[in-house]
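Read-outs: derived from the displayed coordinates by stated rules, not from any lab. Source: prediction; values computed, not measured. Virtual Cβ from ideal backbone geometry, glycine too; neighbours counted across all protein chains shown.
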Amino acid sequence: MKLSEAQHEFGRCVAAFLPIAYKWAEAYGHRITLGELFIPPACKPGYRSLGGISNSLHFKKLAIHLYVLVHGQKLGEFNDYIELGEMWELLHERATWGGRFPHRDAVHFSFTYNGVK
């Protein structure tokens, strides 16, 4: 699959997922806010020092961060995102949730591309 095709499918999945995520959050009295979608290549050298990886799918526009807010504060625990992550994974065979990574990134929702999750 070409990168542009993967980006198109990822965008479709994000567009389909956002209403699901918002309804899920509202059922708990929470809110959703959007985070990093695209990290420009110019940021790549410093991204590793911020805890990222050098081949992050954010560089390819195939990952987004979604944050759950309670009273304006971001929830940061893995368990706070399990349901959301599992719902994301059901949308598409390439949908990957960062909560499954060895170094958990519960706010990370991405699309597998060329073996990178």
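Annotations for the structure displayed:
- Zone residues, the stretch 5-25, relative to residue 69, backbone N less than 17 Å from point 7 Å out along Cα-to-Cβ: 18-19, 21-25
- About its Cα centre, the stretch 3-111 has a charge dipole of approximately 360 debye under the convention of +1 per Lys or Arg Cβ and -1 per Asp or Glu Cβ, with nothing else charged.
- Residue-wise HN-Hα coupling along the stretch 85-97, computed from phi with Karplus coefficients 6.51, -1.76, 1.60 (Hz; x: Gly, Pro): x, 5, 5, 4, 4, 7, 6, 7, 5, 8, 5, 10, 9
- Extension gain, residue 24 to residue 89: 0.36 nm times the residue separation minus the Cα-Cα distance gives 21.9 nm.
- Per-residue HN-Hα couplings for the stretch 12-24 [Karplus 6.51, -1.76, 1.60; θ = phi - 60°; Hz; x = Gly/Pro]: 4, 5, 4, 4, 6, 7, 4, x, 5, 5, 5, 5, 4
- Oblate is the label for the chain. Its Cα gyration tensor axes, ordered a ≥ b ≥ c, give a/c of at least 1.5 and b/c at or above a/b.
- Using every pair of distinct Cα positions in the stretch 52-117, the Kirkwood expression returns a hydrodynamic radius of 12.2 angstrom.
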